[in-house]
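As structure tokens, the structure follows; a few thoughts come after it.
The values are calculated or read from the model by the stated rules, or taken from the named source; none is laboratory data. From a predicted model like this one, the values you see are computed outputs, not experimental measurements. Virtual Cβ from ideal backbone geometry, glycine too; neighbours counted across all protein chains shown. Side chains included, ligands, DNA and RNA excluded: accessible areas come from the protein's heavy atoms. Shrake-Rupley method; radii C 1.70, N 1.55, O 1.52, S 1.80 Å.
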Amino acid sequence: MAVAEALALRRRRTLTASRIQASLRLEKLKAVVEEDRRMTSENVSRQLSVEPSAANNVRHQADVPVEVLRDSDSQNEAKEAKVATAAVEADQVNERLADAVVLRTALASELVEAKAQLDGARDDVAEARQQRDEARQGATRDPLTHVPNHLAFDQRLEHALSQARRHGWGLAVFSIDVDQFASINDSYGHDLGDEVLQMVASRLSSFLREDDMASRWGGDEFVCLLLEVGDQADVMRMAKEMVEHIAESCVLHGDVLRVRVSVGIAIFPAHGSSAEILLNNADLAMYQAKGEKDRVALFQSPEPA
């Protein structure tokens with residue numbers, strides 16, 4: 001994905017440079033043609049605006065010597081030659097102007113094509129970035145519920161533990177299981193079961209704070225990470241409120257359902273100093289929570305022998 005984006009960027013830079021060079025060539029050509037036209041026009045005007053020579057006036061005088069008449073004819077022929085030369089030069093200027101118009105049209109077409117290619121390169125870059133972002137998201141998101149997956153949660157938990165050790169913060173891990181999910185699938189079908197999982201993921205995400213995380217680990221299992229938590233009583237209260245929030249009735253395919261979950265809790269550093277220990281202890285507490293009335297249980301350290 002990075003290679004495609006780099007190639008698209010290189011193509012875009014090349015097209016931009018070509019477009020600038022074409023514009024400069026067009027402007028230079030316009031300046032040359034205008035100067036040529038101006039100089040030729042002035043030359044023609046000077047030659048055509050010559051006042052009637054004294055030689056023509058001499059013809060009207062009586063008894064003009066033959067030599068004077070010959071000089072007058074020579075002057076007239078020279079002026080006519082100059083006029084003819086000016087006319088030829090004017091035709092040449094017109095031809096150059098016509099060529100310039102053709103070239104200008106070609107350059108304009110080239111600029112239009114370069115712009116289209118530049119727009120295409122820009123679209124290629126945008127598409128490459130979109131594909132890169134989608135690939136990254138697909139690697140860290142659960143495809144069904146669109147919440148972070150197992151990999152994303154592991155990375156976030158390790159980072160959170162590093163910060164908690166450095167700043168002396170507490171954090172909590174919730175292990176969550178949807179109660180009687182197999183019965184839901186059997187009674188209502190797997191399509192509705194998928195919608196139940198989507199509903200649970202949505203309600204978990206909406207319940208948690210912005211910096212916390214809800215993740216689906218597979219099947220009907222979810223985990224949550226809560227940062228900078230207070231004491232154990234405060235964490236237990238939050239877990240019970242979460243259970244009640246998820247259990248609010250919902251209508252799926254015309255059926256009214258109340259989904260219950262069980263929540264096991266492990267708190268850093270009291271119930272473990274590593275991600276693996278915290279997750280295992282939260283999982284043990286979750287199985288204990290299935291036997292509790294409020295479906296919430298805090299990990300209990302084994303009593304010393």
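With every protein chain kept in place and ligands, DNA and RNA left out, what is the accessible area per residue of segment 165-305? Probe 1.4 Å, answer in Å². Write out the running numbers ahead of the final one.
Details: 7190 Å² over 141 residues.
Each residue of segment 165-305 exposes 51 Å² on average to a 1.4 Å probe.
Kindly provide the Kirkwood hydrodynamic radius of segment 185-305 in Å, to one decimal, from all pairs of distinct alpha carbon atoms.
In segment 185-305 this quantity evaluates to 15.4 Å.
At q = 0.12, 0.25, 0.30 Å⁻¹, what is the log10 ratio I(q)/I(0) for segment 246-305, with the Debye formula run over Cα points and no solvent?
Relative scattering, expressed as log10 I(q)/I(0), comes to -0.40, -0.94, -1.11.
Computed over the Cα atoms of segment 130-219, what is the convex hull's projected area averaged over all directions, in nm²? Each step should come with its number before you reach the end.
Details: hull surface 28.7 nm².
So the mean shadow area of the Cα hull is 7.2 nm².
In nm, what is the difference between 0.36 nm times the number of residues separating Trp217 and Glu67 and their Cα-Cα distance? Intermediate values should be presented prior to the final figure.
Numbers: separation 150, 0.36 × 150 = 54.00 nm, distance 11.91 nm.
Between Trp217 and Glu67, full extension yields an extra 42.1 nm.
Starting from the amide H of Glu221, placed 1.01 Å from N in the peptide plane, find each other amide H under 5 Å away whose residue is 5 or more places distant or on another chain.
For Glu221, no residues qualify.
Which order do the peptides 285-297, 181-193, 226-238 take when ranked by the mean count of other beta-carbon atoms within 10 Å per residue, highest first? Can you show the working numbers first?
On the way: 285-297: 17.5, 181-193: 13.9, 226-238: 15.5.
Highest-to-lowest ranking by the protection proxy: 285-297, 226-238, 181-193.
Under 1.5 on a/c is rounded, so check that first for segment 211-257, then, if it is not, pick prolate when a/b is larger than b/c and oblate when it is not; a ≥ b ≥ c are the square roots of the alpha carbon gyration tensor eigenvalues. Walk me through the numbers on the way to the answer.
Values: a/c = 3.24, a/b = 1.67, b/c = 1.94.
It comes out oblate by the Cα gyration axes.
Among the lysines, select those whose C-alpha is under 29 Å from the C-alpha of Lys82, and discard any that sit fewer than 8 residues away in the same chain.
Lys30
If you roll a 1.4 Å probe over segment 145-224 with all protein chains in place, what percent of the accessible area is carbon or sulfur? Show your work: numbers first, answer last.
Numbers: 1670 of 3790 Å².
Its accessible area is 44 percent carbon and sulfur atoms.
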